[in-house]
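Okay, so here's the structure we're looking at.
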Amino acid sequence: RKEVEQDPGPFNVPEGATVAFNCTYSNSASQSFFWYRQDCRKEPKLLMSVYSSGNEDGRFTAQLNRASQYISLLIRDSKLSDSATYLCVVKVAGTYKYIFGTGTRLKVLA
Amino acid sequence: DGGITQSPKYLFRKEGQNVTLSCEQNLNHDAMYWYRQDPGQGLRLIYYSQIVNDFQKGDIAEGYSVSREKKESFPLTVTSAQKNPTAFYLCATAGSSYEQYFGPGTRLTVT
């Protein structure tokens, strides 16, 4: 089993739609959680950290479920510019090591 | 991301040559990382460093070497022992918030 698993997609959604991605992790000692966005042939950019109580940044909402060991990302009112690959990242407690999922590809269609 | 530079953006080398990729940061972050990304795949950790003069192997360190003589710099050498060096190489840093920031990457092609 991979340490961090994501559905690779692609998720093809129309503009204005709401879309949600899940990511599961296997290490219960995981401490910190993040969502990154990566455009084609570019570096990953931090979208948001994920806090235990959940957090929101504009159209983006992230949730953490420690009991079931998954995190989620919800995108409301999708824009064409949201088309990208979304990476789930987990940092293990007591280390400086980060584990990356392989990403979920999103295509927002006009 | 704005405070991390990687050079060059594209690099071409012949098989059998060592090549060094540069990574410099002005974010004052203690931790620095090197990742490799292959087409359609996730990031894999090559080396990381938590403080100056200290570094640890990641998951795919064979054929690579690093140094951390200054806080701002973490160069990666791809040696001729690396069997499949063609890839997109990404340098990252992390500070006390644990959020990682990436440089723009170097695309290495070895023929």
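The values are calculated or read from the model by the stated rules, or taken from the named source; none is laboratory data. What you see is a predicted model; the values in this text were computed from it and never measured. Don't worry about glycine lacking a Cβ; one is built from the backbone with ideal geometry, like all the others, and counts go over all protein chains shown. We work out accessible area using only protein heavy atoms, side chains counted, and drop any ligands, DNA or RNA first. Shrake-Rupley method; radii C 1.70, N 1.55, O 1.52, S 1.80 Å.
Tabulated data for the structure shown
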quantity	calculated
Solvent-accessible area buried by B and A, counting both chains, probe 1.4 angstrom, square angstrom	1900 Å²
Inter-part distance where the stretch A:1-20 and the stretch B:61-111 are each reduced to a Cα centre, Å	28 Å
Where only C-alpha atoms are counted, convex hull volume of chain A per residue in Å³	98 Å³
Check: the stretch B:1-43 dipole with +1 on Lys, Arg Cβ and -1 on Asp, Glu Cβ, in debye	220 debye
B:Arg13 - accessible surface, heavy atoms, 1.4 Å probe, Å² rounded to 10	90 Å²
Neighbourhood net charge (13 Å Cβ-Cβ; Lys/Arg +1, Asp/Glu -1) for B:Thr86	+3
Accessible solvent surface per residue of the stretch B:32-90, calculated while the other protein chains remain in place, 1.4 angstrom probe, Å²	46 Å²
The protein assembly as shown: C-alpha gyration tensor shape, a/c 1.5 cut-off, then a/b vs b/c	prolate
Local electrostatic count, A:Asp77, Cβ distance below 10 Å [Lys/Arg +1, Asp/Glu -1]	+1
Kirkwood Rh, angstrom, chain B [1 / mean 1/r, Cα pairs]	13.8 Å
Surface accessible to a 1.4 Å probe, B:Glu69 within the full protein complex, Å²	150 Å²
For chain A: accessible area per residue (Å², 1.4 Å)	48 Å²
B:Arg13-A:Glu3 FRET efficiency (beta carbon distance; Förster radius 25 Å; 0.05 resolution)	0.20
Dipole magnitude (debye, nearest 20) for the stretch A:6-66, charges at Cβ of Lys, Arg, Asp, Glu	140 debye
Cα-centre dipole for the protein assembly as shown with unit charges at Cβ (Lys and Arg positive, Asp and Glu negative), debye to 20	400 debye
For the protein assembly as shown, cysteines whose Cβ has no other cysteine Cβ within reach (under 4.7 Å)	A:Cys40
Positive dipole terminus of the protein assembly as shown, leading residue within B:Cys23, B:Tyr89, A:Val50 (C-beta point charges)	B:Tyr89
Label-point gap, in nm, between B:Arg44 and B:Ser67 - each point 7 angstrom along Cα→Cβ	2.6 nm
Solvent-accessible ranking of B:Tyr48, A:Tyr96, A:Tyr51, largest area first, probe 1.4 Å	A:Tyr51, A:Tyr96, B:Tyr48
Residue-averaged beta-carbon neighbours from other chains (10 angstrom radius) around A:99-106	3
